[in-house]
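> My questions will all concern the structure given below.
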Amino acid sequence: MSTDSFTDSPQKRPTVLLCIGMAGSGKTTFMQRLNAHLHSVKKPPYVLNLDPAVTQLPFTANIDIRDTVNYKEVMKQYNLGPNGGILTSLNLFTTKFDQVLEFISKRAPTLEHIIVDTPGQIEIFTWSASGAIITDAMAATYPCAVAYIIDTPRTTSPATFMSNMLYACSILYKTKLPFILVFNKTDVVSHEFAVRWMTDFETFQQALQKDSSYMSSLMNSMCLVLEEFYKHLRVVGVSAITGAGMDEFFKAVDEAVKEYETVY
Ligand code: GTP
């Protein structure tokens, strides 16, 4: 698509990709891969880093929370531990988010994607007022999708898989945004087992029963909840390290955003 088609079309707005995931799932590496992929295949994205505690970013951010707040100073000043420091830093940054939106809006007509890295500890973004304010502000202005990054090799046990899916489910219902489950690190373990468990209810139930004999009726009810959840999302397997699966990821984003705009 040419650059001009964006400037010519006033309705065209960049899509925001919120990268959310458990600590160590590979959010930052995935962001780096997104950035590299968009630079080489589409258009350079606008990049936001919302993780105040990251020591080294393997990409250049257009807006970096660390330029506004020093989380170690925040910890000292408010006598907080690391998580309190990160949360308070995000709260302080959120008070200036209108300025961030202004910066973005100036660049928006020339952009296709805005990519957002979130703090390492998932709940700091997903269960805080600041996370909700930032998400709502972005979603009110631009088409927005959540990329929920999963550490595939660490999710092969049925019970871990189920808790990860339930967590993802809670984020879907909290954000109510187009949702893509991104099974990362497929260079180590393929995500085929996950797709099978998500599409064949009985296979997953059998795996669960082998894994844990207690609370089986609760587990079965949870499985039914998840069956419903799976209908509302898209699944892709990627490797942030090798770049495998990136075309499928962007196809899933486009489809999810389009479907969302048609339905809502
Ligand atoms: P925090 O911000 O600390 O929570 O981590 P994160 O979710 O941003 O994960 P990060 O990108 O720091 O990656 C965590 C570890 O997983 C690093 O050692 C990465 O090199 C590794 N990693 C990330 N993506 C992949 C992948 O696709 N394949 C493999 N093999 N390793 C990966």
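> Just need the relative contact order of the range 47-169 here, percent rounded to a whole number, with Cα pairs under 8 Å and 6+ apart. Before the final figure, lay out each step's value.
Working: 99 pairs, mean separation 30.5, N = 123.
Relative contact order for the range 47-169 comes out at 25 percent.
> Hey, what did the chain get for relative contact order, percent, Cα under 8 Å, at least 6 apart?
On the way: 391 pairs, mean separation 62.6, N = 264.
24 percent.
> Hey, which of these cross-link pairs are over 27 Å Cα-Cα: Lys12/Lys185; Lys72/Lys185; Lys27/Lys72; Lys27/Lys174; Lys174/Lys251; Lys176/Lys210?
From Lys12/Lys185; Lys72/Lys185; Lys27/Lys72; Lys27/Lys174; Lys174/Lys251; Lys176/Lys210, over 27 Å: Lys12/Lys185; Lys72/Lys185; Lys176/Lys210.
> Working out 0.36 nm times the residue gap between Phe201 and Ser157, then minus their Cα-Cα distance, what length gain in nm do you get to one decimal? Please report the intermediate quantities before stating the final value.
On the way: separation 44, 0.36 × 44 = 15.84 nm, distance 1.55 nm.
Value of the extension gain: 14.3 nm.
> Using a cut-off of 20 Å between alpha-carbon atoms, which aspartates and glutamates can reach Lys231, once sequence neighbours fewer than 8 places away in the same chain are excluded?
By straight Cα distance, Lys231 reaches Glu192, Asp200, Glu202, Glu248, Asp254, Glu255, Glu259, Glu261.
> Just to confirm the number: angle between the C-alpha axis of helix 216-230 and the first principal axis of the chain, 0 to 90 degrees, nearest 10?
40
> With r defined as the distance between the Cβ atoms of Glu192 and Thr110 and R0 fixed at 51 Å, what FRET efficiency is calculated, to the nearest 0.05?
Step by step, r from the Cβ atoms, then E = 0.85.
> If you stretched the chain out fully between Lys231 and Thr55, how much longer would it get, using 0.36 nm times the residue separation minus the C-alpha to C-alpha distance?
This chain segment gains 59.6 nm when fully extended.
> Something else: Using Cα pairs closer than 8 Å and at least 6 residues apart in sequence, work out the relative contact order for the range 64-131, in percent. All intermediate terms of the calculation are to be shown ahead of the outcome.
Values: 35 pairs, mean separation 21.6, N = 68.
RCO, the range 64-131: 32 percent.
> Would you order Arg234, Arg33 from fewest to most other beta-carbon atoms within 10 Å of each residue's own beta-carbon?
Arg234, Arg33
> Next question. In nanometres, what is the gap between the two model label sites at Leu166 and Phe103, each 7 Å from Cα along Cα-to-Cβ?
3.9
> Let me ask something else. Given labels modelled 7 Å from the Cα in the Cβ direction, how far is it in nm from Tyr173 to Asp247?
Those two pseudo-labels are separated by 3.8 nm.
> What does the extension gain come out to for Asn220 and Thr95, with contour length at 0.36 nm per residue minus their alpha carbon separation?
Roughly 40.7 nm would be gained on extension.
Throughout, read-outs are computed from the coordinates displayed, never taken from laboratory work. Remember, it's a predicted structure, so these values are computed and weren't measured experimentally. Cβ coordinates were reconstructed from backbone atoms using ideal geometry, including for glycine residues, and neighbour counts include every protein chain displayed.
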